[in-house]
1. Quick one: the Cα spread of the chain along its three principal axes, in angstroms, biggest first?
2. Give, to the nearest whole percent, the P(r) tail of the range 6-69 beyond 20 angstrom, counting all Cα pairs.
3. Rolling a 1.4 angstrom probe over the protein heavy atoms, how many square angstrom per residue are accessible across the range 119-199?
4. Give me the base-10 log of I(q)/I(0) for the range 116-184 at each q in 0.13, 0.19, 0.28 Å⁻¹, Debye formula, one uniform scatterer per Cα, rounded to two decimals.
5. GNM on the chain, C-alpha springs below 10 Å: top fluctuator among ARG181, ARG155, ARG91?
6. Compare HIS47, HIS136, HIS99 in a GNM of the chain, Cα atoms joined below 10 Å, and give the one with the largest fluctuation.
7. Just to be sure I understand: of the beta bridges DSSP finds with both ends in the range 111-228, what percent are antiparallel, rounded to 5?
8. Report the antiparallel proportion of the DSSP beta bridges in the chain as a percent, rounded to a multiple of 5.
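The values are calculated or read from the model by the stated rules, or taken from the named source; none is laboratory data. All of these numbers come straight from a predicted model, not from anything done at the bench. In case anyone asks, the SASA skips ligands and DNA or RNA and just uses the protein heavy atoms, side chains included. Shrake-Rupley method; radii C 1.70, N 1.55, O 1.52, S 1.80 Å.
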Amino acid sequence: MIDHERDLAAVREATDRLLSAAAGLDNAALAAPSRLRGWSRGHVLAHLARNADALVNVLEGRPMYRDAETRDADIERDAPRPLDVQLADVRNTADGFQHSAAAPADWTRVVTMRNGVTDVAARVPFRRLIEIELHHVDLDIGRELEDLSEDFTERETGFLVERFSGNAAVPPLALTAPDGRSWRTGRTEGTPLAVSGPAPDLMGWLAGRRDGAALKSPDGPLPVLPPL
């Protein structure tokens, strides 16, 4: 079962950790490239703030974003702001998300995310945790995928496996971590391609954060995964 209260507590902790680390930047470092192609660190922080607003919309029954163009324009608008403004925005919108999530609600209800994706409301806090944890790594300020908790890595891998399951653009895959944990994803027909390696690298490959160079696939080269 999804424990949304535990995930909300984890979101608070992860947000505080990210803000503390980002506070060590200056405006020049904020304008420098992040690990995400085409995005500065300012873009990453702007996205985190706007994502918090968007998830409040989801929890309160409104469309997550007005449209894709507005989402992208808002990030571009906010990316050049100075560090103190960026940090205050991330902090204030994070508080707004926590406040909305604290309201009495039916956490079993189905909500609509971006691009028409649906999910149960109880998983929204974990979706926010994914944003905070992975984008902290994307900021390239000292945190790596290997620093993420084993619990988060396993849950995020399972979440990504679910996202790719049945996707016609992804060949059948059989993923295995060194401790024996395994996952199946991609197309349901055909012989699965075996892929193994450290859990952070498996997650990073599925999440588009690693190229798979640390993974092994005796059945052939790794496929290029479509963006989520």
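1. 50, 43, 33
2. Within the range 6-69, distances greater than 20 Å cover 41 percent of Cα pairs.
3. Ligands and nucleic acids excluded, the figure is 39 Å² per residue.
4. -0.47, -0.95, -1.24
5. For the chain, modelled as a Gaussian network with Cα springs under 10 Å, the answer is ARG181.
6. Among HIS47, HIS136, HIS99, the largest mean-square fluctuation in the Gaussian network model of the chain belongs to HIS99.
7. 65 percent
8. 70 percent
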